[in-house]
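Accompanying notes for the structure given below.
Nothing in this text is a laboratory measurement; each read-out follows from the coordinates by a stated rule. Here the structure is a predicted model, which means the values were calculated and not measured. FYI the Cβ positions are ideal-geometry reconstructions off the backbone, even for glycines, and counts take in every protein chain you see.
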Amino acid sequence: MHPLERNYTQTLKEDREAIILCDELGYHDAFVGEHLSDQAESITNSMLFLATLIHATKNIKLATGTTNLTHTHPVLVAVHAAMLDHLAEGRFILGISPGVLKSDQEVLGILGSDLNKKFADSINVILEIWKRNPPYDINLPGNPFIVTTEQSYWPEKGLGVMPKPYQVPRPEIVGTVVAPYSKGVIEMGKRDFHPLSANFLLPKWVATHWNNYQQGCEAVGHDADISHWRIARTVFVAEDDNTALRYGKTDPQSPFHFYYEQMLTKLKRSGRHVVFKHDRNEPDEKITTERILDDLVICGSVNKVVDEILSFRETVGDFGELVIAGMDWVDEELTKNSMRLMAEQVMPRVNAALKWTP
């Protein structure tokens, strides 16, 4: 998320550079979101952006975070994701969501439509395209997307054939979990989609996700794997606690202050700011940007951040992967140093304390 006055070309370059540095430092994956009409979150197509990183990186998995399935036809998502998976030779994760930004819905002419149904219809068709062979003949009950190449199918010439992914049977599919006690995460468990809990949720709300995911897995007769649960957090590491506190919380020019001021304003407008409340019945005026920063930003020197991450884990329980939310580069040197300290000092110490080997 970038301040509105930033140069668009420059922020795209910085976002690419951040992922390239993550790859050099050994980060496992990078999730990139997309919005059509948000000047602060200005990557409009996550797959297109990730394609520019395939040959600039070596090991990091490139993930859409997320592809908004209600914005396009499922055939386009299926074939584009399959091609990107081949280009990346399996270093691809498909993150999916309905796409709830109202201005995006408005420009596409879908404002007021049933996004959850559109989302479910779309992913069902995508999975069928990857499962079936031509001419496909996909006509699912109650689903408006009918997909077939029956009339044009010409196997000798390769016509009517859509590509399947590089990974068999499909790439890992990840869904974001953005609400306390999410029912959507139950459905993820049923489909073997993997949850990513949002960085703007209080720890106690994040802790509600795993039981629901387990419930979904158990409903279809398979065990939930804790390594599949990703949790995003907002983290800043510095050489000393004072610098970390200033840049991570107290400075009004901090990128973290900008991020959470934006999130609070936008979620209030859409009526979803309950995620910041300590109690569902808490008055709205109790929620301030300063309190949110105190609640949600983990910041400090290496030792302090290690302790805070371990304390967070005590609250939410075991999970598989910590995803660090990216911020604008108000101070490039501090930003890059935080990324290095996370990779080279914080996470090795966290993993050692947990007796976990990556």
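Across the stretch 177-296, the mean sequence separation of Cα contacts (distance under 8 Å, 6 or more residues apart), normalised by length, yields a relative contact order of 25 percent.
When Leu53, Leu310 are arranged by Cβ crowding within 10 Å, least crowded first, meaning fewest neighbours, the order is Leu310, Leu53. From most to least packed by mean Cβ count within 10 Å, the peptides 148-158, 34-44 give 34-44, 148-158.
Number of Lys-Lys pairs in the stretch 95-163 with C-alpha atoms under 23 Å apart and a separation of 8 or more places or on different chains: 5. Taking every Cα-Cα distance in the stretch 215-358 and sorting them into 10 Å bins from zero, the calculated P(r) comes out as 10, 35, 32, 19, 4, 0 percent.
Computed from the alpha carbon atoms alone, the convex hull of the stretch 188-244 holds 84 Å³ per residue. Each peptide in 241-254, 199-212 gets a packing score, the mean of other Cβ atoms within 10 Å over its residues, and the list from highest to lowest is 199-212, 241-254.
From Cα pairs below 8 angstrom and at least 6 apart in sequence, can you work out the relative contact order of the stretch 1-177, rounded to a whole percent? It comes to 20 percent, rounded to a whole number. Secondary structure note: in the chain, about 5% of the DSSP beta bridges are antiparallel. Given axes a ≥ b ≥ c from the Cα gyration tensor, I'd like to know whether the stretch 1-177 is rounded (a/c under 1.5), prolate (a/b larger than b/c) or oblate. Oblate, since a/c reaches 1.5 and b/c is not below a/b.
Its residue count N fixes a reference of 2.2 N^0.38 Å for the stretch 298-351, and the Cα radius of gyration divided by that reference is 1.17.
log₁₀ I(q)/I(0) of the chain at q = 0.06 Å⁻¹, via Debye over equal Cα point scatterers, no solvent, to two decimals? Taking Cα atoms of the chain as identical point scatterers yields -0.23. Of all aspartates and glutamates in the structure, those lying under 14 Å Cα to Cα from Lys277, and not within fewer than 8 positions of it along the same chain, are Glu285, Glu290, Asp294, Asp295.
When each of the peptides 290-299, 61-70 is scored by the mean number of other C-beta atoms lying within 10 Å of its residues, the order from highest to lowest reads 61-70, 290-299. When the charge dipole of the stretch 1-177 is built from unit charges on Cβ atoms (+1 for Lys and Arg, -1 for Asp and Glu) and taken about the Cα centre, the candidate among Gly112, Ser122, Thr67 whose Cα reaches farthest toward its positive end is Ser122.
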